[in-house]
Each structure stands twice: as C-alpha cells, then as structure tokens.
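Below: one structure, written as structure tokens.
The values are calculated or read from the model by the stated rules, or taken from the named source; none is laboratory data. In this text the structure is predicted, and so the values were computed from the model without any measurement. Glycine also receives a Cβ, built like all others from the backbone with ideal geometry; neighbour counts cover every protein chain displayed.
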Amino acid sequence: MSLMRIIGGSFVSFVENFSHRRLRSCTSLGRSNYHPECEQLINKQINLELGAAYFYCSLQHYYDRDDVGLPGFSTFFKHEAREELTHAQKLMQFQRERGGDLKLQDINAPLHRDWSHCESIAESLKVEKTITESLEKIAETADLNKDYYTNDFIISRFLPSQYKDIKFLASLLARIQMAEGNVGVLLIDQELARRKIIDK
C-alpha cells in the first residue's frame, strides 16, 4: 500500500485546511508594534509618491517636445520623477519589512498637457508641499502610537530632502517670475542642465 494512500485523506484535509486559513488571514507573523493607522498612511504615501512621479514624468516629456525645447527643465523633471519612484519603492519595502499589507491605489492623470513655466513650477511646489504634509502626519501618528521605528524612518530618510526640494522650487519659481522674457528662461534652463544631481 502506498504512503499516499495511507496518509492521503488526512494529508489532503491538512492542505485544504492550511490553504483556507492562509487565504483568510494575511496577517504577517513578523509584524511588531506597527499601528494600523501608520500602515494605512504608508499606503496613502506610496500613492502620493507614485502620483508625483507620474506628474513629473509628464513635465519631463512636455519640456522635451520640439515645440518647447527646454532640455534643462526636461532633465530636472526626469530626475524628480525618478526620485519620487525611488521614494515609493522604499516605502513599499518598508511596508513589507514591517509586516504591513501593501494596497496599491489608482493614480490620477495630470490635469494639463501644456504648461507655462510658472505654472509647472508652482504646481510642482504644491505637489512637494502635499507630500511633505503627508509625511509629517505619518511621523506624528507614529510618535503618538509609540511606533518609534516608523517615526525615525520618515524623519531621517524623507523629510530633510523634502524641505530642501521645497526651498529649491520656491527659489526657482521666484526667479522665473522675475525673468524678463524668453532669454531669462533660457538662462535658467541652461543652469538646470548643469545642475549636479545628488541621489536622495
């Protein structure tokens, strides 16, 4: 008599039972002191970062169009898109490490396909401020719930670069507003093309 026939019934029953329980419960065994509200906010943050990457990607290709022709702006927004995608990936990895449930959400298309220079930078500044406020909320929620690891992760790895980005975009917007005509914008474009990119 084969081994499978001897244990067949109980083995099949065990597998079905185990699979059923596994499907019903997705709670990670490695989860420790990870507050559900933090988990939810991290998922929301991932969506914001991916949405920002999508937005910056659209600006990159707008400035690379032959009827716009500002390669410095295009390169700048290409870097911004990559940075936001990297942030989203780091947050996904963090969610996995903490035993959280990653829930990806829909990403809305950018509102415009054509931009003035001031509009594109002003909207970028708005995006970065929204992202920063959301990160601050995660850090605050983590602190209130004594989730010190999440608090430190957000404060040390995300917020410093956010504040730098906001300052840079605010200064860039002011300079574009002061630029006299297309010559001033072209000079700013050349400066953006020469700007050293530091991965964050």
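The table below gives the values:
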read-out	value
Long-range neighbours under 8 Å by Cβ, at least six apart or interchain, first residue without any contact (Cβ under 8 Å) to a residue 24 or more places away in the chain and crowded, with 19+ Cβ neighbours inside 10 Å within segment 73-95, second not small (Gly, Ala, Ser) and not in a helix (DSSP H, G or I)	SER74/ASP64
Which listed residue, of LEU59, LEU50, LEU23, is in contact with a Phe, Trp or Tyr (Cβ under 6 Å, 6 or more places away or on another chain) and either buried (at least 20 other Cβ atoms within 10 Å of the Cβ) or modelled with pLDDT under 95 (or both)	LEU59
Residue ranges of helices (runs of 4 or more DSSP H) in segment 114-200 with at least 3 members without any contact (Cβ under 8 Å) to a residue 60 or more places away in the chain and over 24 Å from the mean Cα position of the chain (by Cα)	159-178, 181-194
Among the residues listed as LYS196, LYS200, LYS137, the single one being within 19 Å of MET92 (Cα to Cα) and at pLDDT below 95	LYS200
